[in-house]
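Single-structure report; data block below.
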Amino acid sequence: MSPNRSVLYLYFAWIVAVVATLGSLYFSEIRLFQPCVLCWYQRIEMYPLSVILGIAAFTSDIKITKYVLPFSIVGGLTSLYHYLLEKVPGFAPIKPCAQGIPCDYPWINWLGFITIPFLALVAFIMISVLLILVNRRNK
């Protein structure tokens with residue numbers, strides 16, 4: 001497979017990261033949804049991907065995958081845990097009192113299963129798959 005296809009995968013991964021970052025900012029800054037602690041962790045894992053993948057795509061640096069794939073995988077695991085907190089009864093620990101926004105509160109619930117952590121999980125999975133494709137094509 002040509003390196004051009006790998007660079008194209010990098011561009012797609014970058015677009016997914018940018019859309020996820022802008023979606024996150026839309027929910028917090030326009031819709032005024034307050035992010036919980038796990039949302040902040042997911043942001044910490046997604047926002048750098050928007051910058052790093054953009055630089056890698058524009059410079060055709062396909063070796064970047066070994067540095068950014070861990071961010072994407074850890075972000076996906078964080079999103080999965082957050083989604084389970086929202087959707088699986090009894091998964092969230094019992095907290096009599098807590099400060100801040102609870103992590104098990106779904107701000108959106110489209111079609112009964114699409115929540116903000118679900119959207120983040122889909123983005124992290126898409127980025128991870130694209131980065132794995134880049135990695136496999138260049139071995």
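The values are calculated or read from the model by the stated rules, or taken from the named source; none is laboratory data. Everything numeric here is computed off the predicted structure, so don't read it as measured data. Ideal geometry is used to build each Cβ from the backbone, glycine not excepted, and the neighbour counts take in all protein chains shown.
The table below gives the values:
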item: Residues satisfying the stated conditions in the stretch 22-33, i.e. assigned to a loop (DSSP other than H, G, I, E, B) and in contact with a helix residue (DSSP H, G or I) (Cβ under 7 Å, 6 or more places away or on another chain); result: Phe33
item: Selection within the stretch 116-131 - within 11 Å of Ser72 (Cα to Cα) and in contact (Cβ under 8 Å) with a residue 60 or more places away in the chain; result: Ala120, Ala123, Phe124, Met126, Ile127, Leu130, Leu131
item: Matching residues, the stretch 1-39, being more than 14 Å from Ser128 (Cα to Cα), modelled with pLDDT of 95 or more and under 14 Å from the mean Cα position of the chain (by Cα); result: Val18, Val19, Thr21, Leu22, Gly23, Ser24, Leu25
item: Test: Lys63 is exposed (fewer than 13 other Cβ atoms within 10 Å of the Cβ), at pLDDT below 95 and assigned to a helix (DSSP H, G or I); result: yes
item: Test: residue in the stretch 3-23 that is touching a residue at least 12 places away in the same chain (Cβ under 8 Å), charged (D, E, K, R) and buried (at least 18 other Cβ atoms within 10 Å of the Cβ); result: no
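Residue-wise test of (1) out of contact with any Pro (no Cβ under 8 Å at 6 or more places or on another chain); (2) of a type in the set (A, V, I, L, M).
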{"site": "Trp14", "(1), (2)": "yes, no"}
{"site": "Ile30", "(1), (2)": "yes, yes"}
{"site": "Val37", "(1), (2)": "yes, yes"}
{"site": "Gln42", "(1), (2)": "no, no"}
{"site": "Lys66", "(1), (2)": "yes, no"}
{"site": "Pro70", "(1), (2)": "yes, no"}
{"site": "Ile108", "(1), (2)": "yes, yes"}
{"site": "Leu111", "(1), (2)": "yes, yes"}
